[in-house]
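Okay, structure first, notes after.
Each value in this text was obtained by applying a stated rule to the coordinates, not by laboratory testing. The structure presented is a predicted model; accordingly, all values stated were derived computationally and were not measured. Cβ sites come from the backbone with ideal geometry, for glycine too, and all protein chains shown count toward neighbours.
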Amino acid sequence: MSVTNPPPTGAQGARRVRVHHLRQAKEQGEKITMITAYDAATAAIFDAAGVDSILVGDSIGNTMLGLETTLPVTLDDMVRAGRAVASVTKRAFVVVDLPFGTYEDGPSQALASAVRVMKETGAAAVKLEGGVRSAAQIRAITDAGIPVVGHLGFTPQSVNALGGHRVQGRGDERAAALRRDALAVQEAGAVAVVLEMVPQGVAADVTGLLTVPTIGIGAGVDVDGQVLVWTDMAGMTDWSPRFAKRFAEIGQALQGAATDYVAEVRAGTFPGPEHSFER
Ligand code: KIV
């Protein structure tokens with residue numbers, strides 16, 4: 001077994017990455033790959049590329065909805081995107097974020113939000129932010145049979161309280177707090193934990209402490225897997241964070257294609273006979 005080649009499961013023999021494959025990957029030292037997607041078109045591409053998990057992140061706010069932060073993202077936004085992604089994904093483990101304001105009130109609010117996501121999207125798991133403060137919510141959702149992914153370190157829904165996009169867990173006290181949060185999330189039943197913008201050594205310590213996999217973003221290489229926001233990974237924007245490698249320059253390529261299209265329509269060279277129908 002490997003995350004990248006899970007055994008056939010399901011009626012059609014589809015090779016679907018399941019929650020136990022994530023744990024096995026950690027035990028076997030095999031890296032887990034996760035990428036965000038917010039629509040069917042990109043999800044199908046990433047699934048075909050063999051990514052192990054697709055995160056329908058509330059980063060949809062910044063990346064797709066023109067918002068400055070993730071805070072205004074709604075459960076409706078996540079459900080619509082989650083359904084689109086899950087509907088075309090054959091192999092990857094699909095995780096949908098619970099957005100700000102849909103779980104902080106307590107376990108019953110969190111459970112209701114998670115149940116709606118699971119009923120209406122076809123995703124495999126939900127993700128929510130916070131450690132000790134979110135443990136009761138993770139427990140309630142887990143007890144209902146819904147896998148939960150935790151999210152620690154820089155948690156974008158708390159961007160105002162954290163004073164901006166800053167590395168978290170620096171210094172002994174903060175690193176100890178992060179370890180406590182990680183253990184609380186695991187104890188509450190989380191199946192994996194995202195570590196965002198955490199010093200590499202601290203992320204390595206947390207990874208060694210936990211039996212569930214850690215998935216890093218800006219957390220160095222000594223974690224069990226990596227996640228990137230697809231628009232950063234593919235070079236869709238002029239700027240991308242330091243921790244996000246640009247594996248392509250799709251933004252430039254797309255602009256080039258659109259520029260050519262505009263020019264050809266204006267010049268009357270598109271559509272040609274091969275794009276037109278006979279009487
Ligand atoms: O919403 C998101 O894209 C995320 C990643 C940054 C992990 O939570």
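Ranked by Cβ crowding within 10 angstrom, fewest neighbours first, how are ASP77, ASP39 ordered? Write out the running numbers ahead of the final one.
On the way: ASP77 20, ASP39 15.
So the residues, fewest neighbours to most, are ASP39, ASP77.
Just want the answer: with Cβ charges of +1 for Lys and Arg and -1 for Asp and Glu, which residue in VAL56, GLY220, GLN28 is farthest toward the dipole's positive end in the chain?
Positive-most Cα among the choices belongs to GLN28.
Spelling out what I want: for every residue of the stretch 52-62, take phi, set θ = phi - 60°, compute 6.51 cos²θ - 1.76 cosθ + 1.60 (Karplus), and round to whole Hz; glycine and proline get x.
So the Karplus estimates, Gly and Pro as x, are 6, 9, 10, 9, 7, x, 6, 4, 3, x, 6 Hz.
Going by Cα centres, the stretch 48-62 and the stretch 78-114 are how many Å apart?
12 Å
Fewest Cβ neighbours within 10 Å first, please rank ILE141, ILE217 accordingly.
Fewest-to-most Cβ neighbours within 10 Å comes out as ILE217, ILE141.
Under the classification rounded if a/c is under 1.5, otherwise prolate if a/b is larger than b/c and oblate if not, where does the stretch 162-215 fall, given a ≥ b ≥ c as square roots of the Cα gyration tensor eigenvalues?
Details: a/c = 1.72, a/b = 1.60, b/c = 1.08.
Prolate shape, in that a/c is at least 1.5 and a/b is the bigger ratio.
When the chain is modelled as a GNM with alpha-carbon springs shorter than 10 Å, which of ASP172, ASP181, ASP47 fluctuates the most?
Top of the fluctuation ranking is ASP172.
Where Lys and Arg each count +1 and Asp and Glu each count -1, what net charge lies around GLY29 among other residues with Cβ under 15 Å from its Cβ?
Numbers: positive: ARG23, LYS26, LYS31; negative: GLU27, GLU30, ASP52, ASP222, ASP224.
Around GLY29, the surrounding residues sum to -2.
How far, in nm, would the chain grow between SER87 and VAL19 when pulled straight, counting 0.36 nm per residue and subtracting the alpha carbon separation?
On the way: separation 68, 0.36 × 68 = 24.48 nm, distance 1.86 nm.
Full-extension gain reported as 22.6 nm.
Helix 75-88: angle to the longest alpha-carbon principal axis of the chain, degrees 0 to 90, nearest 10?
It works out to around 70 degrees.
Could you work out how far apart the two model spin labels at LYS31 and GLU68 are, taking each label as a point 7 Å from the Cα in the direction of the beta carbon, and quote it in nm?
Going from the LYS31 label point to the GLU68 one covers 3.6 nm.
If the convex hull of the alpha-carbon atoms of the stretch 187-279 is projected onto planes in all directions, what is the mean projected area in square nanometres? Write down the numbers at each step before the final one.
Working: hull surface 41.9 nm².
For the stretch 187-279, averaging the hull's shadow over all directions gives 10.5 nm².
Which trypsin sites (Lys or Arg not before Pro) does the stretch 203-259 hold that lie in a coil by DSSP with at most 12 other beta carbons within 10 Å?
Details: sites: ARG242, LYS245, ARG246; in loops: ARG242, LYS245, ARG246.
Those that pass, being in a loop and sparsely packed, are ARG242, LYS245.
Say each of GLU249 and SER158 gets a label point 7 Å from the Cα, pointing the same way as Cα to Cβ; how far apart are those two points in nm?
Using points 7 Å along Cα→Cβ, the separation is 3.9 nm.
Rounded, prolate or oblate: which fits the stretch 10-248, taking a ≥ b ≥ c as square roots of the Cα gyration tensor eigenvalues, rounded meaning a/c under 1.5, else prolate when a/b beats b/c?
Details: a/c = 1.19, a/b = 1.14, b/c = 1.05.
Rounded shape, in that the Cα axes give a/c under 1.5.
Give me the angle, in degrees from 0 to 90, between the Cα long axis of helix 172-187 and the longest principal axis of the Cα atoms of the chain, rounded to the nearest 10.
Once rounded, the angle reads 80 degrees.
Using the number of other C-beta atoms within 10 angstrom as an exposure proxy, rank TRP239, TRP230 with the fewest first. Mind dumping the intermediate values first?
Details: TRP239 5, TRP230 23.
Ordered by Cβ neighbours within 10 Å, fewest first: TRP239, TRP230.
Helix 19-28 versus the longest principal axis of the chain: what is the Cα-based angle in degrees, 0 to 90, to the nearest 10?
Roughly 70 degrees between the two axes.
Between ASP238 and THR211, what length comes free when the chain is fully extended (0.36 nm per residue of separation minus the Cα-Cα distance, one decimal in nm)?
Details: separation 27, 0.36 × 27 = 9.72 nm, distance 3.82 nm.
Here the answer is 5.9 nm.
Have a look at THR69, GLY106, PHE277 and report the one farthest towards the positive end of the charge dipole of the chain, computed about the Cα centre with Cβ charges (Lys/Arg +1, Asp/Glu -1).
Value: GLY106.
Mind putting a number on the dipole of the stretch 10-248 about its Cα centre? Charges go on the C-beta only, +1 for Lys and Arg and -1 for Asp and Glu, and I need it in Debye to the nearest 20.
On the way: 23 positive and 25 negative charges, 107 e Å.
So the dipole magnitude of the stretch 10-248 works out to roughly 520 debye.
Specify the residue with the greatest mean-square fluctuation among PRO241, PRO199, PRO99, computed from a Gaussian network of the chain linking alpha-carbon atoms under 10 Å apart.
PRO241
Looking at the chain, which longest stretch skips every one of the GluC sites (Glu not before Pro) that is in a DSSP loop with at most 15 other Cβ atoms within 10 Å, leaving the sites themselves out? Before the final figure, lay out the partial values.
Values: sites that count: GLU68, GLU249, GLU278.
My reading of the result: 69-248 is the longest stretch.
On a straight-distance basis, which lysines could pair with LYS119 in a cross-link, Cα separation under 25 angstrom, same-chain partners fewer than 8 positions away excluded?
Straight-line reach from LYS119, under 25 Å: LYS90, LYS127.
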